[in-house]
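Structure first, then comments.
What follows draws every value from the coordinates through simple rules; no lab data is involved. Note that the coordinates shown come from a computational prediction; the quantities given were computed from them, not determined experimentally. For neighbour counting, all protein chains shown are included, and Cβ atoms are generated from backbone atoms with ideal geometry for every residue, glycine included.
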């Protein structure tokens, strides 16, 4: 525990480097930093993203839709290099004023419809194609319960646990303890739910599973933050079962490769413009 007492100033100013892996792109203001148009491909759905947990939610769903025969779900996936600040280009900010990936532009409508925030994109696509979202009120509501749970919970996992456990320039005991406690509580929430049903909304795989798996399924499998041992992920047996079932879906395997620029070379598909790009 640090022995130095930090006293917050009366008014905070961004006058000191924040340190850490993302220090060069962190800033307290919004809006574009430079002019840059986004590329546009041949398909109505244009995705601008990176294969982070939030990014793969969308590519997994699109690949699942294509697997069901929805040819209108064909898409162009363009790489947004967040470490290089691509998300602050004027074209990207025009789709997502929050400058976060993923961002989707549906050019099948006139004028084109912009969709940002990963949960909103999942809901938009599920409604557009009538898949992975139950039509009955109870099933739809339970799906959205867990979708919104993930959107509200993940910042504690990513910006909290992940940041202080992996990315912070110094290890702060209080912060790691605080967010590890919350990460484990969230895993317990999921484990108790998945003891009751095979999927989060019940008997069927939905956008809720896609959204939650991208973060928590990968977490317990050790592919996010390499923290499975630290979190004693083996204790959450129902989450482990669910995570493996989803990980073995062919569309999930394909979706995880899109907009990926790290790891084993065969799994890197920085851009995807047709199904053959994943062959």
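Would you mind ranking 90, 71 by Cβ crowding within 10 Å, fewest neighbours first?
With the fewest neighbours first, 90, 71 line up as 71, 90.
Compute the projected area of the convex hull of the Cα atoms of segment 45-132, averaged over all viewing directions, and report it in nm² to one decimal place.
Averaging across all directions leaves 5.3 nm² for the Cα convex hull.
How much of the DSSP bridge set in the chain is antiparallel, in percent, rounded to the nearest 5?
Taking every DSSP beta bridge within the chain, about 60 percent pair in antiparallel fashion.
Rounded to a whole number of µm²/s, how large is the Stokes-Einstein D of segment 131-234 at 37 °C and 0.692 mPa s, given Rh as the Kirkwood radius over C-alpha pairs? List each step's numbers first, then the result.
Values: Rh = 14.3 Å.
Approximately 229 µm²/s, per Stokes-Einstein.
Roughly what percent of Cα-Cα pairs across segment 98-189 reach past 24 Å?
Summing the P(r) tail past 24 Å for segment 98-189 gives 42 percent.
Please sort 243-252, 21-30 by packing, taking for each peptide the average over its residues of neighbouring beta carbons within 10 angstrom, highest first.
Taking the mean over residues of other Cβ atoms within 10 Å, the ranking is 243-252, 21-30.
Based on DSSP, what percent of beta bridges with both residues in segment 1-136 are antiparallel, to the nearest 5?
Roughly 55 percent of the DSSP beta bridges within segment 1-136 come out antiparallel.
Could you state the number of Å between the C-alpha centres of segment 236-272 and segment 160-192?
Cα centroid of segment 160-192 versus Cα centroid of segment 236-272: 23 Å apart.
Using only helices, what value at 222 nm comes out for the chain when you add -39,500 (n - 2.57) per DSSP H run of length 4 or more and divide by the total residues, to the nearest 500 deg cm²/dmol?
Working: 9 runs with 103 residues, N = 279.
About -11500 deg cm²/dmol.
Take the Cβ-Cβ distance between residue 145 and residue 67 as r, set R0 to 30 Å, and report the resulting FRET efficiency rounded to the nearest 0.05.
Working: r = 26 Å, r/R0 = 0.86.
After rounding, the FRET efficiency stands at 0.70.
Highest first, please rank the peptides 213-219, 269-275, 10-16, 120-126 by the mean number of other Cβ atoms sitting within 10 Å of their residues.
Averaged packing, sorted descending, gives the order 213-219, 120-126, 269-275, 10-16.
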